[in-house]
1. Hey, could you check the stretch 111-124 for residues that are more than 18 Å from residue 28 (Cβ to Cβ) and at pLDDT 95 or above and say which is surrounded by the fewest Cβ atoms within 10 Å (Cβ to Cβ)?
2. Checking residue 22 against (1) outside any helix (DSSP H, G or I); (2) modelled with pLDDT of 90 or more; (3) within 17 Å of the chain's Cα centre (by Cα), which test does it fail?
3. For the stretch 35-54, give me the residue count where each residue is outside any strand (DSSP E or B) and under 16 Å from the mean Cα position of the chain (by Cα).
4. Just to be sure, is residue 140 at pLDDT 85 or above and out of contact with any strand residue (DSSP E or B) (no Cβ under 6 Å at 6 or more places or on another chain)?
5. Sort out for me the strands (runs of 3 or more DSSP E) sitting completely within the stretch 111-171 that have 2 or more residues that are aromatic (Phe, Trp, Tyr) and in contact (Cβ under 8 Å) with a residue 40 or more places away in the chain.
6. Here are some residues: 89, 102, 34. Which one is modelled with pLDDT under 95 and surrounded by 14 or more Cβ atoms within 10 Å (Cβ to Cβ)?
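The values are calculated or read from the model by the stated rules, or taken from the named source; none is laboratory data. All values derive from a computational prediction rather than experimental measurement. Glycine also receives a Cβ, built like all others from the backbone with ideal geometry; neighbour counts cover every protein chain displayed.
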Amino acid sequence: MKTLTLHIPQYQITAEPDHRAIGKIVDDELRRHFMNATIVARGIASSEHPGKTIDELVEIIKLDGTDRYDVNRKGDRYENLQGKRIDLFGFRRKVGPHMRLFKDVVYGFYHSALGVHGKAARIDILIIYNAEKLKAVLHQYEGRTDKKRDGFVFLDPTHKQDSLLGIIKIL
């Protein structure tokens, strides 16, 4: 499992970030370290984890395999019409020369967070999972007619950390 650090000072959320330019920087790093792997990437905003630093969250993720360390903490968007269990949300991609991933994560954390929470969120951590150790969950959000495959469960929930390929800190 790799722990990487990327410094992207131009990634700010005081105004809409250039999600394509920022996405390219992170996608290039993903290609450098995970080429040809099929991954599920999950973005984390440390601002949504009061009292925890980026480094503390990284250590929790390394130990537990997930950022969902508090069973009493309600997750964002985990409810679905079918009542299916979802362990995490992420983007599944095959890492290759033409893969585009992080621009979508940045876009969602800016625009969706504004729409749902009234404030944008900046991604500090990108968790990279081995897609072969997760299973997609087909589900539907309340008030929507489309079905989504952005939710995943661990195939072996007793060894979640074995699903980790890497963690990227985005400073």
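1. 122
2. Result: residue 22 passes all but (1).
3. Residues meeting the conditions: 6.
4. no
5. 148-154
6. 89
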